[in-house]
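Report on the following structure.
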Amino acid sequence: MSFRVLWLQSGGCGGCSMSMLCADTQDFAAHLRGGGVEILWHPALSLANGGELIDLLEDCAAGRVAFDALCIEGALLRGPRGTGRFHMMAGTGMPMIEWVRLLADVAPQVIAMGSCAAWGGFVAGQGNSTEACGLQWEDDRKGGLLGAAFRGRAGLPVINIAGCPAHPGWIVDTLMTLAAGQLAEQDLDPLGRPRLYADQLVHQGCTRNEFYEYKASASQPAQLGCLMEHMGCKGTQAHADCNTRLWNGEGSCPRAGFACISCTEPGFQHPGHPFHQTPKIAGIPIGLPTDMPKAWFVALASLSKSATPRRVKVNATSDHVLLPPVSRKTGLR
């Protein structure tokens, strides 16, 4: 039996669908089939539309067509004033949020595809005039559209494959793990994210880690140094495996010279400061590494800077390696 996925798009950019299509395979459709996953309907991948889709949704909601997972991409728009009429499902006369509630009531699994569906994301930023929220969270507050107590028919809360966009590997691996019956509640972190990627930090595997160790920092774009001290990087706080599970098999935000904006975390869209700047108090970055006491960080940073090799210090503020490592005989035979 295939694991049948019904995928709907709500308020968002469609970036998670675009990301999923970049899965590391030469035959995307065959890759999913091989993992036991069947796309019952997807707005970009399915031929059925119009009346055919409405019939399918009605049959799914009524239990006449079985499906295993309801995947929602994009934030849920509750406005204006809770009516949901900012986003109507064409041809049905019903708001999208009502369709999501109907289908979630009968879905064995409900999955938020991306940070917009998980927490509200960018759609919920700038005053949130559309009253956008996630499926079971509103930023870091549990509740959202379906409520804090919601559980799918199979017993799990909403599974939040958070990211902006979500990595194709996170999406495909989660669907295949569910298809194999191998995803239990203990495999989700406290925010409902699959631990297969959320038990790591973006910092792990970062190619700038030597610069981080010595607090040899970049001060402007294109420089090689660590991006945390001045350039807003939150890789030491962001739960994701971006630097070990590379995007398109090639890179990540820090490897490309961009600060990690912690897009897998609730509220990342309104940090209270420009994304490319690190806020500080008395010269100390506000966003310290996860689990590190402030006093330890200050002490270690001071020691690290005093011990920084000239090579690391010089290369940190350059856009290419100016001083290569010194070649020395090791004595090994």
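For the reader, a short list of remarks on this structure follows.
- For the chain, the longest principal axis of the C-alpha atoms and the axis of helix 96-106 are separated by about 80°.
- Each principal axis of region 165-214 carries a Cα extent, and these read 44, 22, 17 Å when sorted largest first.
- Note on Lys215: lysines with a C-alpha under 20 Å away, same-chain residues under 8 apart excluded, are Lys234, Lys280, Lys294, Lys305, Lys313.
- According to the Kirkwood relation over distinct C-alpha pairs, the hydrodynamic radius of region 83-131 is 12.2 Å.
- Shape of region 213-308, Cα gyration tensor, a/c cut at 1.5: prolate
- Accessible surface, the chain, averaged per residue in Å² (probe 1.4 Å): 49
- Gyration tensor verdict on region 1-137 (Cα atoms; rounded if a/c is under 1.5, prolate if a/b is larger than b/c, oblate otherwise): oblate
- When you count the other C-beta atoms within 10 angstrom of each residue and take the mean per peptide, 284-295, 305-316 line up highest first as 305-316, 284-295.
- Computed magnitude of the charge dipole of region 1-153 (debye, nearest 20; Cβ of K, R +1, Cβ of D, E -1): 380
- Scanning residues 5 or more positions from Asn160 or on other chains, those with amide H under 5 Å from its amide H are Ala112, Arg193, with H placed 1.01 Å from N in the peptide plane.
- Charge dipole (debye, nearest 20) of the chain; +1 at Cβ of Lys and Arg, -1 at Cβ of Asp and Glu: 1500
- DSSP beta bridges fully contained in region 1-147 are about 35 percent antiparallel.
- Solvent-accessible area, 1.4 Å probe, carbon plus sulfur percent, for region 206-333: 59
- Alpha carbon convex hull of the chain, projected area averaged over orientations, nm²: 20.9
- Relative to the longest principal axis of the Cα atoms of the chain, helix 168-179 runs at roughly 50 degrees.
- On the basis of the beta-carbon distance and an R0 of 30 Å, Phe297 and Cys22 show a calculated FRET efficiency of 0.25.
- Charge dipole (Cα centre; +1 on Lys/Arg Cβ, -1 on Asp/Glu Cβ; no other charges) of region 206-333 amounts to roughly 640 debye.
- For region 156-241, alpha-carbon Rg over 2.2 N^0.38 Å: 1.34
- Residue (of Leu53, Ala75, Ala282) at the positive-pole extreme of the chain, dipole from beta-carbon charges: Ala282
- Additional length obtainable on full extension of the chain from His270 to Lys329, 0.36 nm per residue less Cα span: 16.1 nm
- The antiparallel fraction among DSSP beta bridges confined to region 71-175 stands at about 50%.
- Surface share of carbon and sulfur [accessible, 1.4 angstrom probe, percent] for region 10-101: 52
- Computed E for Thr92/Asp140 - FRET, C-beta separation, R0 30 angstrom, nearest 0.05: 0.35
- Between 0 and 90°, nearest 10: helix 294-306 axis offset from the chain longest Cα axis: 40
The values are calculated or read from the model by the stated rules, or taken from the named source; none is laboratory data. Just so we're clear, the structure is a prediction, and the values are computed from it rather than from any experiment. Note: ideal-geometry Cβ built from the backbone for every residue, glycine included; neighbour counts use all protein chains shown. For accessibility, only protein heavy atoms count, side chains too; no ligands or nucleic acids. Shrake-Rupley method; radii C 1.70, N 1.55, O 1.52, S 1.80 Å.
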